[in-house]
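Here the structure is laid out as structure tokens; the discussion comes afterwards.
The values are calculated or read from the model by the stated rules, or taken from the named source; none is laboratory data. The structure presented is a predicted model; accordingly, all values stated were derived computationally and were not measured. Cβ sites come from the backbone with ideal geometry, for glycine too, and all protein chains shown count toward neighbours. Ligands, DNA and RNA are stripped out before the accessible areas are found, and what is left, the full protein with its side chains, is counted by its heavy atoms. Shrake-Rupley method; radii C 1.70, N 1.55, O 1.52, S 1.80 Å.
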Amino acid sequence: MESKLAQIKQAITLALKAEQIMVTAVNYTSEGKYNFLQIELDKVNGLDLETIVAATNIINPLIDKLDLIKDSYILDVISKERGED
């Protein structure tokens, strides 16, 4: 799974570079019967909700195209600030 997460991080990093958004972490976790693919982002001066939504709209089809994770999961795109709570 680690190599798949590294591939996802690399692809997302390249796709978000033009938006000056950094990918700080990519994690895959399970809680109960749910799986989560969590993408943690950061940007100079922080991220607002509009930027996270725009990033999600870039990330989601990219991950679908890569098709590296066969299990069902929930995509969770968060800002680094939220991830440190």
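Using a probe radius of 1.4 Å on heavy atoms only, what accessible surface per residue do you get for the range 1-74? Whole Å² is fine. Before the final figure, lay out the partial values.
Values: 4890 Å² over 74 residues.
Result: 66 Å² per residue.
Taking every DSSP bridge with both residues inside the chain, close to 60 percent are antiparallel.
Tell me, what % of the accessible area of the chain is carbon and sulfur with a 1.4 angstrom probe? Don't skip to the answer; put the middle values down first.
On the way: 2750 of 5620 Å².
Looking at the chain in its full context, I get 49 percent from C and S.
Ranking request for peptides 66-74, 39-47: highest mean number of other beta-carbon atoms within 10 Å first, then the rest in descending order. Spell out each step's value before the answer.
On the way: 66-74: 10.9, 39-47: 16.2.
Ranked from most to least packed, the peptides come out as 39-47, 66-74.
Could you tell me the convex hull volume per residue, in Å³, taken over the Cα atoms of the chain?
On the way: hull volume 8.0 nm³, N = 85.
Enclosed volume per residue, from the Cα hull, is 94 Å³.
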